[in-house]
Structure formats: C-alpha cells, structure tokens
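Here's the structure we're looking at; comments come further down.
The values are calculated or read from the model by the stated rules, or taken from the named source; none is laboratory data. Computed from a predicted structure; not experimentally measured. Glycine also receives a Cβ, built like all others from the backbone with ideal geometry; neighbour counts cover every protein chain displayed.
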Amino acid sequence: MNYFFLNWKMYLDRDQSIVLANHVASKDTLPDNTVIFCNDLALSEVKDIIGPERVGTQNVAWVPAGAYTGATSAHMYKQAGATHALVGHSERRHIFNETNIAIRKKMEACVDTALTPVLCIGEKKEQRDDGKWKEVLSEQLILALEDLDMKGQIFYVAYEPVWAIGTGVSCTSDMLQEVVDYIKQVLGTINQNAIILYGGSVSSTNIKDFDNIAGVDGVLIGSAGAKVESLDSMLEVLQ
Ligand code: 13P
C-alpha cells in the first residue's frame, strides 16, 4: 500500500486527535506515505507528533485572505504545518452544498500555495443505479482540472463513491477497476496525471483487495482510521 491517508473527519476532538496521533506515530509498520487529515484545531500538534509532510486539512478556502468570516486559507493551513488538503470531499459537496465551481477555485488556491490537493470525486447511489456514474465523474474531473496548470506539482484523485462512504458497502474490485481505468482516460484527455486513491468503507477485511487493483495507489480511510483497534488491524493486514 503506497498511500495510507486517514480522514479523521469531525470524529475526534483536539485531545483525542493528539492521543491517536501519538499511537500512530508509535507504529513501526506505518506506510511511508501516511497522511492524517485531522481537525483544524489539532493540526499543529498532530504535525509535531507525526512529523512533517504527513498532515493535511479537510477543507480549504479559495481566497488567500480577507473578509471571509469563518474561512481558513491554504496559506494559513500551510503556516500551521499542513502539506495536503482534501478538496471536494462528498460531505463538503452534499452536506455543505459545495459546487464544482467552488471546488475548482479551491484546487487553484492549493496550487497557488503549493498545498498538495486530494481531489475527491464520486457518484451517488441513484446516479450509479441510473448508469450515470461516468457523466458525474467526468464532470467533476473536468470542471476541477481542465486547463489548470499544476505547475509540476503532484496531486491526488480520490474516488469515493457516496454510496460507499460510512455504509459498510465498499466498491467491488471489478467495479473499481472499471472506474479507475475511466478516471485515467478522462485525465488523459485533459493532459493531467494524478495518483489515484480509493475511499469508502475501507477496513481490515478489504484493504488488501484495493492494494491489488492496477492503477489504485492507496486508500483514503474514514471511520476505520479514527479508532485504535481498527487502525491496528489494518496495519497488521498490510504487513
Ligand atoms: P469511511 O471509510 O468511513 O467510509 O469514509 C470514507 C471517507 O469519506 C474518507 O474520506
């Protein structure tokens, strides 16, 4: 498993984040490319515990500074020690009504600040059932990335089908292979190249399956990565 990304969402408060970060830091079997997307208020401490280049933010404002009450810019996250940013997570899209246009601006803000973006894309259950997943994914990819000069920076695309997030129902290997091939095809048409991750009900029982899919370089884990027992079980399976 090349990339082991943990999205702690709003599961853990600052003190709990510090406890779990210390636990993670104590593991000698941690994949090299481990990044923790923790709560903002814990970011600086988690960075001190887990080390540089291993902490990210779960969201980012698209403007650098100014009269934007409640927002935090890419520059501010960088200053606090973040090197990565989730952009367009489905919970941001669907609970906080983030549009593809806002997500594009957030991608631009990340590139301008050299914060490595993890663009999250994924279709809803009804879109999959209606055979519209290709349409949805290509729109999300194209609006976020077409003609965007990445300035040589690497970036990630995390395929996280909405129906797989927090449901215990993950994407099957066949389905995921088809999606990843399609994502690569769309990226090719807009001259972009990304590291591809999978997210959605990843656990110790299925994490190895995702390791074996051509074109999938790693995982973005939600709830199973926010608890000691399930985190340890995943690391054991990966050894
Ligand atoms: P779960 O692993 O809890 O399904 O969440 C996935 C996710 O949203 C990671 O960003």
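General remarks:
- Residue pairs meeting the criteria (Cβ under 6 Å; at least 6 apart or on separate chains; first more than 13 Å from residue 238 (Cβ to Cβ), in the stretch 26-37; second part of a strand (DSSP E or B)): 35/5; 35/56; 35/84; 36/6; 36/55; 37/7; 37/56; 37/86
- Residue within the stretch 45-55 that is modelled with pLDDT under 95, exposed (fewer than 15 other Cβ atoms within 10 Å of the Cβ) and either within 16 Å of the ligand (Cβ to nearest atom) or at positive phi (or both) present: yes
- Taking the criterion of being of a type in the set (A, V, I, L, M) and either surrounded by 14 or more Cβ atoms within 10 Å (Cβ to Cβ) or outside any loop (DSSP other than H, G, I, E, B) (or both), the residues of the stretch 64-76 that qualify are 71, 74, 76.
- Being hydroxyl-bearing (Ser, Thr, Tyr), at negative phi, without any contact (Cβ under 8 Å) to a residue 40 or more places away in the chain and away from the ligand (no atom under 16 Å from the Cβ) is a property that residue 205 lacks.
- Every pair of residues 6+ apart whose Cβ atoms lie under 8 Å, when the first sits in the stretch 211-239 and is free of Cβ contacts under 8 Å to residues at least 24 places away in the same chain while the second is among the aliphatic types (A, V, I, L, M) and within 11 Å of the ligand (Cβ to nearest atom): 224/202; 224/234
- Residue 148 vs. criteria under 22 Å from residue 32 (Cβ atoms) and either more than 18 Å from the chain's Cα centre (by Cα) or within 15 Å of the ligand (Cβ to nearest atom) (or both): no
- Test: residue in the stretch 159-176 that is within 14 Å of residue 118 (Cβ to Cβ), more than 15 Å from the ligand (Cβ to nearest atom), assigned to a loop (DSSP other than H, G, I, E, B) and of a type in the set (Asp, Glu): no
- In the set (1) at negative phi; (2) surrounded by 15 or more Cβ atoms within 10 Å (Cβ to Cβ); (3) within 15 Å of the ligand (Cβ to nearest atom), the condition left unmet by residue 115 is number (3).
- Close pairs from the stretch 174-202: first in contact (Cβ under 8 Å) with a residue 12 or more places away in the chain, partner among the polar types (S, T, N, Q), Cβ under 7 Å, at least 6 apart: 186/138; 187/193; 200/170; 201/167; 201/170; 202/170
- Enumeration of residues in the stretch 208-228 that are more than 15 Å from the ligand (Cβ to nearest atom) and assigned to a helix (DSSP H, G or I): 208, 211, 228
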